[in-house]
Amino acid sequence: MKLKTVMTSLALFVFVGSAGLAIGQDTTKTTHKKSRTLRGCLQKSDDANEYKLTTAKGATWEIKSDSVKLGEHVGHTVLLTGVVSHAKMHGMKEDAKSEAKEHGVDKDSTEHGHMTVTNLSMVNETCEK
């Protein structure tokens, strides 16, 4: 009887522990996250208060910030951290583009989004080609 109680307790402990690990893992797709870190070339946009970041994979982001001086880094390769505008909708749009690409409908579907930058680190004084 005592062995049965020990085995039941051990099984319960393992089950609860593994469930806790599963809950602790972040399985959110990158395209669905509210906060993102992006690396790319920063350029001035046509809009007076916005900038454009192009990543090495060709993704384009419309960038703005109230707290970071982006203008000082135009033409630089930068690492930006910020908040994705409408992150849930952005993720759904990127999922649809990805699915279309898998079915051969749109072979040139790169990510595009909008971000409010909260932090900037310069990587290089020029943009990498």
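The values are calculated or read from the model by the stated rules, or taken from the named source; none is laboratory data. Quick caveat, the model's predicted, so the values are computed rather than measured. Methodologically, a virtual Cβ is constructed for each residue, glycine included, from the backbone with ideal geometry; neighbour enumeration extends over all protein chains shown. Just so you know, the surface numbers come from the protein's heavy atoms only, side chains and all, with ligands and any DNA or RNA stripped out. Shrake-Rupley method; radii C 1.70, N 1.55, O 1.52, S 1.80 Å.
Is there a residue being under 16 Å from VAL123 (Cα atoms), open to solvent by 80 Å² or more (accessible area, probe 1.4 Å) and either aliphatic (A, V, I, L, M) or modelled with pLDDT of 95 or more (or both) anywhere in segment 12-32?
For segment 12-32, residues under 16 Å from VAL123 (Cα atoms), open to solvent by 80 Å² or more (accessible area, probe 1.4 Å) and either aliphatic (A, V, I, L, M) or modelled with pLDDT of 95 or more (or both): absent.
State all residues of segment 44-92 that are part of a helix (DSSP H, G or I), at pLDDT 90 or above and among the charged types (D, E, K, R); if no residue qualifies, say none.
GLU72
Name the pairs whose Cβ atoms lie under 6 Å apart, with the first residue in segment 44-72 and of a type in the set (Ser, Thr, Tyr), the second surrounded by 12 or more Cβ atoms within 10 Å (Cβ to Cβ) and outside any strand (DSSP E or B), and 6 or more positions between them or separate chains?
Within 6 Å, the pairs are TYR51/SER45; TYR51/LEU70.
When residues of segment 33-43 are filtered for being open to solvent by 30 Å² or more (accessible area, probe 1.4 Å) and either modelled with pLDDT of 90 or more or closer than 13 Å to CYS127 by Cα (or both), how many remain?
Total satisfying the criteria: 3.
Could you run through segment 34-43 and say how many residues are among the charged types (D, E, K, R) and outside any loop (DSSP other than H, G, I, E, B)?
Of the residues in segment 34-43, 2 are among the charged types (D, E, K, R) and outside any loop (DSSP other than H, G, I, E, B).
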